[in-house]
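Quick notes on the structure that follows.
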Amino acid sequence: MKTQYVLPTYGCAPFEAVRGEGSYLYDSSERRYVDFCAGIATCCLGHAHPAVVEAVSRQAATLMHCSNLYGIPGQAEVAELVVEKMIGIPGRVFFCNSGAEANDGIIKVARRFGHRRPAADGSPRYEVITFNKSFHGRTLGAMAATGQAKIQVEFDPLLVGFKYVDFNDLDALKAAVSEVTCGIMLEAIQGEGGVNPVTPEFLRGVAALCKEKDLLLMIDEVQCGYCRCGATMGWKAVCPEVEPDLVSCAKGMGGGFPMGCFWVSNRAIDGQGTELSSIMGAGSHGSTFGGTPLACAAAKAVITELIAGKYEERAARLGEVVKSTVEGWNLPCVETVRGKGLLRGIGLRKGSFAVPEGLTPAAHVNALCREAGLLACPAGPDTLRLIPALNIPEEVLEEGLAILKSVLEKLA
């Protein structure tokens, strides 16, 4: 594979992925891998799902792209599905292409809200509190919101207006709120940060704090959403009664096609009945490729299939199978199994096995799994992440777990 023309920004595996079929991925030598990575939670219906292939093929032959200067019927259809079936709270949707863009979008909404609802002295509120080990993307805005210094190295000065506190620490969060704070942004499960779920008590506390201090509750559902965690959205798998103000989505939304969005609540933000969603008017935000006819066709097919197949229920059931199976091995190298639904993290016990120099324990185990025919991905230095397609056949799930067991047993 010629790589001299490509920036080396990814630590690529030593093979070329050329074909996918369901929950299997094939390389250029036709070796087959069980795919527990699924495009990092993106290929939620596996590879080459017939409904998605048919929808994209039909739309590509009709109209791929025009412009958001014109009405695109597919946007209205997908927005309705997102609002009514996925979020379940009245609001409006803006379409983009990725999770980082969606998070940049909700940060912009929060800042505009901070101008419309200023501090007591009349100055705009602009600060968003996020959490250590969070991950919100790699654009300058999303990177500044991310509570991981390692991805920010040599990209300073960062966008100002972010403060990081420890996840699930309500006292630390309350102490961090200032006169210029306008929102609190979190993931239902910190995917990249180690598969760390928010606790119900903390999420309820955050929601109550937002109401008390007139802050926006901003939930990043890029990796957790679209039925992955055992509910249509990740936060609903933890506290379904909580109602956020802003939600960012991407990854599984398009089933592998670039598609993202952010949702803005219709709730009133003042005594005059001004809706939060109304403050983003013409010219306030935009995207050339956001919500194209082709992207909307893919998303409509994916969401329709997720709803019809009740995949949130399947993810919840199979996620418990993964958890109980791995815990049942009683292997000394496995410390814990975290997460919800089919977003699971295997916490590796530090010092329980030798690790080659230059690798983290998670990267080492991930490489051994790949050599054995299983694709997963690390989540921080000590956690192996398992995020298979939501429609993975149970026998393929068992096949992948058997490979994982053999790898971990050899380490033990």
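Laboratory data are not the source of any read-out in this text; all were calculated from the coordinates shown. Model, not experiment: these values are computed from the prediction. Note that each Cβ is placed from the backbone with ideal geometry, even for glycine, and that neighbours are counted across all protein chains shown.
Annotations
- Residue of V238, V153, V109 that the Gaussian network model of the chain assigns the largest fluctuation, springs spanning Cα pairs under 10 Å: V153
- Per-selection Kirkwood Rh - the chain (Cα, Å, 1 d.p.): 22.0 Å
- Taking a straight line from the alpha carbon of K405, these aspartates and glutamates sit under 18 Å away, with near neighbours fewer than eight places off in the same chain left out: D35, E320, E327, E335, E371, D382, E394, E395.
- Residue-wise HN-Hα couplings along the stretch 406-412, as the Karplus relation 6.51 cos²θ - 1.76 cosθ + 1.60 with θ = phi - 60° gives them from phi, are 4, 5, 5, 5, 5, 5, 5 Hz; Gly and Pro carry x.
- Under the combined filter of DSSP loop state and at most 13 neighbouring Cβ atoms within 10 Å, the stretch 97-155 retains these GluC sites (Glu not before Pro): E154.
- The stretch 340-394, Cα convex hull volume normalised per residue, Å³: 93 Å³
- Net +/- balance of residues flanking A55 in space, Cβ distance below 14 Å, scoring K and R +1, D and E -1: -1
- 5 angstrom amide H check on V337, placed H, neighbours 5+ away: G347
- Summary: within the chain, the longest segment free of trypsin sites (Lys or Arg not before Pro) located in DSSP loops with at most 11 other C-beta atoms within 10 Å is 32-309.
- Where N is the number of residues in the stretch 198-340, Cα Rg divided by 2.2 N^0.38 Å: 1.26
- In plain terms, the residue of S23, S248 with the fewest other Cβ atoms within 10 Å comes first and the most crowded comes last, giving S23, S248.
- Taken about its Cα centre, the chain carries a charge dipole of about 220 debye when Lys and Arg each add +1 at the Cβ and Asp and Glu each add -1 at the Cβ.
- Net charge of neighbours whose Cβ lies under 14 Å from the Cβ of G74, counting Lys and Arg as +1 and Asp and Glu as -1: 0
- Restricting attention to the chain, close to 65% of DSSP beta bridges with both partner residues there are antiparallel.
- Hz values of 3J(HN,Hα) by residue in the stretch 188-203 - Karplus curve (6.51, -1.76, 1.60), Gly and Pro given as x: 4, 9, 6, x, 5, x, x, 6, 10, x, 6, 7, x, 4, 5, 5
- Result for the chain in a Gaussian network model with C-alpha springs under 10 Å: among G283, G255, G351, the largest mean-square fluctuation is at G283.
- Other residues lying with their Cβ under 10 Å from the Cβ of V264 contribute a combined charge of 0, Lys and Arg counting +1, Asp and Glu -1.
- Between P388, P332, P124, the GNM of the chain built on Cα springs shorter than 10 angstrom shows P332 fluctuating the most.
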